[in-house]
Amino acid sequence: DVRKIYLPVRAVDAATAKQRMQTEVIGKELFGLLKEQHGKGFQSFIDEKVVPLAADMMHQNLGLEESTLQELAKDLNIIVNGAATTNFYERYDVALDVNVMGVKYLCQLAKKCANLEVFLHVSTAYVCGERSGVVQERALREGETLREGTYLDIETELRLVGEQRQQLEDAGDAKAERKAMKDLGLARARHFGWPNTYVFTKAMGEMMLQEQLVAGAGRRHGIPVVIARPSIITSVHRDPLPGWIEGTRTIDAIIIGYAKQSLSCFLADLDLIMDVVPGDLVVNAMMAAMVAHSRGSSSEMAVYHVTSSMRHPAAYAVLYRTGWRYFLENPRVGKDGVAVRTRPVYFFRTIASFRAFMAVAYALPLQLLRLLSLLCFGLLFARRYADLSRKYSFVMQLVDLYGPFALFKACFDDLNMEKLRLSMATPPSSAAAALFNLDPKNIDWDDYFYRIHIPGVMKYVLNK
């Protein structure tokens with residue numbers, strides 16, 4: 001019943017946008033069910049329903065021509081913003097452009113849309129930073145930070161990054177500029193209490209949404225605004241293709257390391273909850289929330305935690321035992337044709353214990369190698385030292401970036417999500433509830449990881 005979907009695609013022109021959509025979206029195995037349903041008419045169905053737009057979230061008006069903007073302003077009923085850079089160690093200027101200014105530009109478009117019923121923004125549950133206890137489903141206040149005594153002003157951050165970038169560009173060292181921009185993002189995030197650039201700028205994106213569409217002048221537009229905050233999104237549970245996933249999530253590092261048998265130790269507490277939610281539950285929650293709020297006229301912001309830690313928690317131990325079982329029964333075969341033996345992994349429960357292990361096992365031998373290269377004037381030793389030192393620094397940086405999430409101790413309140421689930425369970429919405437599953441309680445976590453998610457990671461991520 002959807003008349004048309006406009007899909008912004010980063011591309012230089014309409015032809016490139018259409019090609020990217022065909023190869024990177026429609027051509028994926030994920031659309032196999034639709035292809036079966038429509039047969040030879042599949043492509044004409046897509047051409048009728050989906051309009052790719054050569055656009056860029058980092059530009060005013062998304063880089064679109066005036067005629068296209070007028071068409072959108074007339075046609076759009078719903079805007080869904082899922083565009084983001086999810087790199088924890090992204091350049092600060094890039095993260096601000098996509099995760100913050102991109103939100104502003106979409107909000108400006110929303111204000112021009114005469115028939116807009118709802119604006120849905122996809123954020124992340126981890127805008128809460130490093131918390132413990134229960135995290136409430138509430139919107140971030142403008143200027144709010146996670147460190148007492150600080151105030152976050154987005155305009156100040158934009159000016160700061162602009163000045164820094166100009167100085168670096170004048171110096172003419174592209175490599176130094178890239179690293180400095182990454183380090184600036186991390187430093188600013190931690191100054192205000194967030195662990196990395198990604199969650200920091202996603203939090204600012206929520207504040208920008210509040211400023212543009214909810215608070216002050218934005219209130220007169222009366223556009224219902226919904227924020228969906230998923231936790232760690234994992235592979236599709238049921239619909240339309242169980243196990244389908246694109247890209248690697250933090251928890252999948254354990255699975256991939258297991259598969260390659262390159263993982264002897266890992267930073268994780270098996271007793272802690274890994275808040276995961278399958279991709280189809282996230283999409284179902286987004287669609288249900290859009291319908292629920294498109295009927296209203298309030299410009300108040302609704303926040304939904306699309307999570308599992310409160311309603312149906314799964315500990316890291318589930319992932320470990322299902323991974324152990326899967327690879328015992330389905331061992332990987334090495335290049336020599338011999339089955340790779342599955343070995344146990346040792347888990348460090350604290351960052352301090354992991355750092356101590358790395359210091360003894362790797363940092364000290366590295367220093368010895370460096371000493372040998374100096375004493376023996378050995379080029380071989382020097383190259384070996386440089387290579388291992390780079391790898392050691394990379395691992396320690398990963399621990400620095402991802403450690404807070406591997407040892408995350410909070411759980412996410414989902415009272416708003418529960419109200420949405422209950423509203424769908426009553427007539428006339430009860431038929432839709434069976435089709436659009438929103439409830440993580442319907443998932444057997446052991447069965448899901450063993451039979452669906454781990455095979456999905458092996459097929460769609462590792463064996464590409």
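The values are calculated or read from the model by the stated rules, or taken from the named source; none is laboratory data. As the structure is a prediction and not an experimental result, all values here were calculated from the model. Neighbour counts are summed over all protein chains in view; Cβ atoms, including those assigned to glycine, are modelled from backbone coordinates with ideal geometry. Just the protein is used for accessible areas: all its heavy atoms, side chains included, with ligands, DNA and RNA removed. Shrake-Rupley method; radii C 1.70, N 1.55, O 1.52, S 1.80 Å.
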State which residue is nearest to the chain's Cα centre (by Cα) when the search covers only the range 301-360 and only residues that are of a type outside the set (A, V, I, L, M, F, W, C), open to solvent by less than 40 Å² (accessible area, probe 1.4 Å) and over 28 Å from ASP413 (Cα atoms).
-> GLY323
List, please: which pairs have Cβ atoms under 6 Å, are six or more places apart or on different chains, and start with a residue in the range 136-163 that is of a type in the set (Gly, Ala, Ser) and end with one that is modelled with pLDDT of 95 or more and exposed (fewer than 12 other Cβ atoms within 10 Å of the Cβ)?
-> GLY143/TYR151
What are the pairs, 6+ residues apart or on separate chains, where a residue within the range 103-122 that is without any contact (Cβ under 8 Å) to a residue 60 or more places away in the chain has its Cβ under 7 Å from a residue that is surrounded by fewer than 19 Cβ atoms within 10 Å (Cβ to Cβ) and of a type outside the set (A, V, I, L, M, F, W, C)?
-> TYR105/GLN60; TYR105/ASN61; ALA114/LYS74; ASN115/ASN77
Flagged in the range 1-54 as surrounded by fewer than 14 Cβ atoms within 10 Å (Cβ to Cβ) and assigned to a strand (DSSP E or B), in numbering order, are ILE5
Spot the failing condition for GLN167; the list is (1) surrounded by fewer than 13 Cβ atoms within 10 Å (Cβ to Cβ); (2) polar (S, T, N, Q); (3) in contact (Cβ under 8 Å) with a residue 24 or more places away in the chain, and only one is missed.
-> (3)
Test ASP336 against the stated conditions and say whether it is within 27 Å of GLU137 (Cβ to Cβ) and charged (D, E, K, R).
-> no
Is it the case that LYS74 is of a type in the set (D, E, K, R) and open to solvent by less than 70 Å² (accessible area, probe 1.4 Å)?
-> no
In the range 187-204, what count of residues is obtained for those that are more than 19 Å from GLY149 (Cα to Cα) and open to solvent by 20 Å² or more (accessible area, probe 1.4 Å)?
-> 1
Wholly inside the range 392-464, helices (runs of 4 or more DSSP H) that include 3 or more residues that are within 29 Å of ILE227 (Cβ to Cβ) are 415-424, 430-435
